[in-house]
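The values are calculated or read from the model by the stated rules, or taken from the named source; none is laboratory data. This one's a predicted model, so the numbers in the text were calculated from it and none came from an experiment. Cβ placement follows ideal geometry from the backbone for every residue including glycine, while neighbour counts extend to all protein chains displayed. Protein only, heavy atoms only, side chains kept; ligands, DNA and RNA dropped before computing areas. Shrake-Rupley method; radii C 1.70, N 1.55, O 1.52, S 1.80 Å.
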Amino acid sequence: MHFPALLTVVSLALLAAVIVTHLFKGKNEPQKGLLISSALVLAGTQIALLLMFAAHDPQAVPAHFRRFVALLVFFPALAAPFFAAFVRREDRKLLSAPLRGIVALAIVLAVAALVIPARLIVGKIHFYGSGSLWGMEFSALGHAIAVYFLLVNVLFLCLFENTYRAATVADKVTLKYPFLGILVASVINFIAMSRLLAISVLDRNYLLAEPCAIIVLCVSFLYASIRYPLFDVRIYVRPGQSPSIVSIVVAGLYLLSLGLITLFARLLGFPYDRLATMIIGIFAVFLLCAVLISGKAKKRLRTFLSENFYLARYNNRKEWRRYAEIMTSDATIDEFLSNVISSLCDTMLVRRGALWADIGPGKAGSYGLDEERLDAELIRDIQKLTAREPVVVFKKPLVGLAREDGKWICAIARLSQGEENRGFILLGEKDLGRAYTEEDEDFLATIAFQAKLALDNFLMEERIIEARQMDSFNRFASFVIHDLKNTVGMLSLVAENARDNIGNTDFQKDALETIRRSVEKMQNLITSLNVHKMPASL
């Protein structure tokens with residue numbers, strides 16, 4: 001079997017593996033159906049390509065090529081909704097208006113490719129002396145189809161770029177291998193389509209770009225699907241979040257450079273392939289030298305790799321800014337506990353956790369737990385386990401704890417400073433079955449220490465507010481007592497003098513007037529107190 005046919009058979013086998021794997025894996029949902037349907041379409045293109053390589057009759061190649069082009073043109077009708085499905089919360093919103101337009105366009109172009117004669121796309125078909133296919137020369141319509149394929153690749157990259165950009169840390173772990181597969185496959189297709197646009201010829205080696213790209217895609221998706229729950233990923237894109245267009249800009253610059261290389265090749269009389277290889281080689285060497293020399297470029301490269309491909313490492317500055325904002329923006333202790341434990345579990349890829357604070361009878365915030373079961377006995381057991389170390393990590397869920405309600409706990413961090421303990425952070429198992437590392441322990445210890453300080457600040461603020469309220473109450477009470485003392489003093493004088501002067505008419509008039517004034521003062525005081533009971537508007 002010739003190498004082109006062998007490579008095409010390998011791509012067919014991998015597509016079959018993708019289809020079989022996903023038929024029996026995961027729930028029945030639109031995303032899974034779109035992936036299987038896309039794989040079936042690509043399998044049809046590989047069968048048509050295999051028949052082209054096996055054909056020895058020049059009359060048979062155009063029919064196979066027409067089916068090959070029609071299936072490739074139709075492919076975006078399934079692939080574009082599949083990529084967009086990652087950023088949809090509800091399946092009924094799977095197809096937006098732009099995507100419906102893309103699907104309709106792909107269907108119309110696929111039907112047109114089946115109807116149009118192959119000679120309008122391919123000007124000439126060349127064979128070796130042995131009778132096997134060597135390559136093809138394309139017409140202006142063939143150039144238009146190449147541009148369509150380039151735009152489709154850019155669309156896929158743009159969709160997946162924004163999906164990956166909006167993903168959480170856990171989802172990036174799942175999506176990074178498919179993203180790399182799509183990127184590599186797109187580069188392979190760009191190289192093949194670039195040659196077609198530049199010199200209108202694709203030989204056998206460049207025709208093999210399609211099975212090579214499919215092999216890369218299948219391997220990346222198979223690995224991601226077997227290792228991670230690929231179809232459980234649902235990315236939430238916040239309303240108003242601006243999309244990234246890095247892939248569009250890079251593709252535009254690439255096409256511009258392609259046009260310049262083609263122009264210079266014609267002006268200088270150099271073969272296109274030789275000039276393109278030379279320019280790309282010079283650019284690669286220049287880029288490598290720039291990265292090696294520039295400390296800023298190396299720093300950005302390390303940051304990019306650490307954030308996207310070494311997710312066990314923490315971007316401490318970025319994470320600390322986020323936690324500092326969380327710890328200072330919450331209005332109440334309950335909100336603080338809930339937000340800190342949710343963010344911590346999200347950052348450390350932990351399935352469930354709880355944050356318990358020793359405040360009054362004890363307050364707790366939880367993440368991933370059906371209910372908070374942190375009673376006094378469980379807290380005493382945890383205190384014993386963390387008596388010597390501020391952070392304790394277990395290889396298995398809390399073996400040292402006999403209580404059933406604590407069996408999920410895998411790591412404990414004490415919110416302490418010196419001898420004073422303010423509470424505990426309790427974390428369960430990590431996603432993907434990963435073990436806690438030393439870096440996890442250091443990060444957890446740092447967050448626990450800062451959470452303790454933040455809780456102290458909360459309590460201090462509450463005590464200051466209580467002290468101010470008490471001071472205000474005391475000052476207010478002193479005014480009330482002063483008025484009451486004056487009124488009581490007036491009434492006591494009337495009562496004492498009434499024993500001797502009760503029969504005196506003038507005294508009776510004065511006594512009634514004094515009682516009237518006293519009642520009026522009491523009513524005014526009661527009214528004033530009722531006004532202070534009403535809530536003040538800020």
**Request:** Rounded to the nearest 0.05, what FRET efficiency do PHE283 and ILE245 give with R0 = 25 Å and r taken as the Cβ-Cβ distance? Could you check?
**Result:** 0.65
**Request:** Kindly write out, for region 268-278 in residue order, the coupling ³J(HN,Hα) from the Karplus curve 6.51 cos²θ - 1.76 cosθ + 1.60 (θ = phi - 60°), rounded to whole Hz, with x marking Gly and Pro.
**Result:** 8, x, 8, x, 4, 4, 5, 5, 4, 4, 5
**Extended-chain gain in nm, criterion 0.36 nm per residue less alpha-carbon gap, ASN486 and LEU23** = 157.6 nm
**Message:** Can you sort ASP358, ASP506 by solvent-accessible area, 1.4 Å probe, largest first?
**Reply:** ASP506, ASP358
**Asked** Ignoring ligands and nucleic acids, what accessible area does GLU439 show with a 1.4 Å probe (Å², nearest 10)?
**Response** 70
**Asked** What is region 193-280 by shape, rounded, prolate or oblate, if you read a ≥ b ≥ c off the alpha carbon gyration tensor as root eigenvalues and call it rounded for a/c under 1.5, prolate for a/b larger than b/c, and oblate otherwise?
**Response** oblate
**Request:** Can you check what the net charge comes to around ILE125, using other residues whose Cβ is under 11 Å from the Cβ of ILE125 (Lys, Arg +1; Asp, Glu -1)?
**Result:** 0
**Item:** In Hz, Karplus ³J(HN,Hα) per residue of region 498-503 (6.51, -1.76, 1.60; θ = phi - 60°; x = Gly, Pro)
**Value:** 5, 4, 9, 10, 5, x
**Request:** Report the chymotrypsin sites (Phe, Trp or Tyr not before Pro) located in region 114-176 that are in a DSSP loop and have at most 12 other Cβ atoms inside 10 Å of their Cβ, or state none.
**Result:** TYR128
**Prompt:** Which FRET efficiency, nearest 0.05, do ARG351 and ALA13 yield, Cβ-Cβ r, R0 35 Å?
**Reply:** 0.45
**Request:** Pop out the ³J(HN,Hα) list for region 466-471 in order, Karplus 6.51 cos²θ - 1.76 cosθ + 1.60 with θ = phi - 60°, rounded to Hz; leave Gly and Pro as x.
**Result:** 4, 5, 5, 5, 5, 5
